[in-house]
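Please read the structure below before turning to the comments.
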Amino acid sequence: MEPAEVCIGDLLKDSLIMFKEKALKHGIELCLKLEDETLKIYADERKLKQIVFNLLSNAVKFTPDGGRVGIEASKEEEDIRVTVWDTGIGIKEEDQGKLFKEFQQLDSGADKEFEGTGLGLALSKRLVEMRNGKIWVDSEAGKESRFSFTLPTTQEA
C-alpha cells in the first residue's frame, strides 16, 4: 500500500473521462454526483482507481445503447461511500452472491454475450476489504444495478 491523501472528486472525474469515448460511441450518458467536491480520503490512489475502474467498466459494458451510467460519492460518518449505478441489464437476486467470487461470470440470459475473466469484482472486493471497507450490490434483473463500497477516510488500516 502507498497511502496518501486523495481528493475523491478529482479521482472520480478522471475515472469517468476514461470511459467517455466508449460511452459516447454507444449513446450512454455519464453522470457524476458529489456531495462535496473537496472530500478527501487517505488511501492508495492506484488501488482506489482500480476499484472504481472495475465498477465503471462493468457498468458501461452491461448498459445498452442509450442508457445511463453514474457515480456518486458522499461522506457517511467516518467513511466515504461510492456508488456506481447503471440502467443496464440488472442481476437476478439469486445470482448476486456469485458476483464477488473469482472466475465467476453469470451465464443466464443476455449477459452470455459479454466477455471478461470474472476477476474484476473479486479484485475490487479484496482491495476494499484490505482497507476495512465493505462492497455490495443492489440490483433487479432487467432494470438496473448499484454497486457501492465504503472506505474509512482516515489512515490506512
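Observations on the model:
- Helix 45-61 and the longest principal axis of the C-alpha atoms of the chain enclose an angle of approximately 20°.
- For the range 46-104, the solvent-accessible area of protein heavy atoms averages 49 Å² per residue (probe radius 1.4 Å; ligands and nucleic acids excluded).
- Scaled against 2.2 N^0.38 Å for its residue count N, the alpha carbon radius of gyration of the range 2-52 is 1.26.
- Theoretical FRET efficiency, 1/(1+(r/R0)^6), r = Cβ-Cβ of Ile17 and Asp65, R0 25 Å, to 0.05: 0.80
- Against the chain, whose longest principal axis comes from its Cα atoms, helix 8-17 is set at around 30 degrees.
- Across the range 40-88, the volume of the C-alpha convex hull divided among the residues equals 70 Å³ per residue.
- Taking the Cα centre of the chain as reference, the dipole from Cβ charges on Lys and Arg (+1) and Asp and Glu (-1) amounts to some 320 debye.
- Acute angle (nearest 10 degrees) that the helix 120-130 long axis makes with the longest principal axis of the chain, alpha-carbon atoms: 20
- Dipole of the chain, positive direction: furthest Cα of Val60, Thr38, Ala73, with charges on the beta-carbon: Val60
- Computed from the C-beta positions of Lys33 and Lys98, the FRET efficiency with R₀ = 25 Å rounds to 0.30.
- Mean projection of the Cα convex hull over all viewing directions, computed for the chain: 8.6 nm².
The values are calculated or read from the model by the stated rules, or taken from the named source; none is laboratory data. This is a predicted model, so every value here is computed, not measured. Note that we place each Cβ from the backbone using ideal geometry, even for glycine, and neighbour counts take in every protein chain shown. Areas reflect the complete protein model, heavy atoms only, side chains present, ligands, DNA and RNA absent. Shrake-Rupley method; radii C 1.70, N 1.55, O 1.52, S 1.80 Å.
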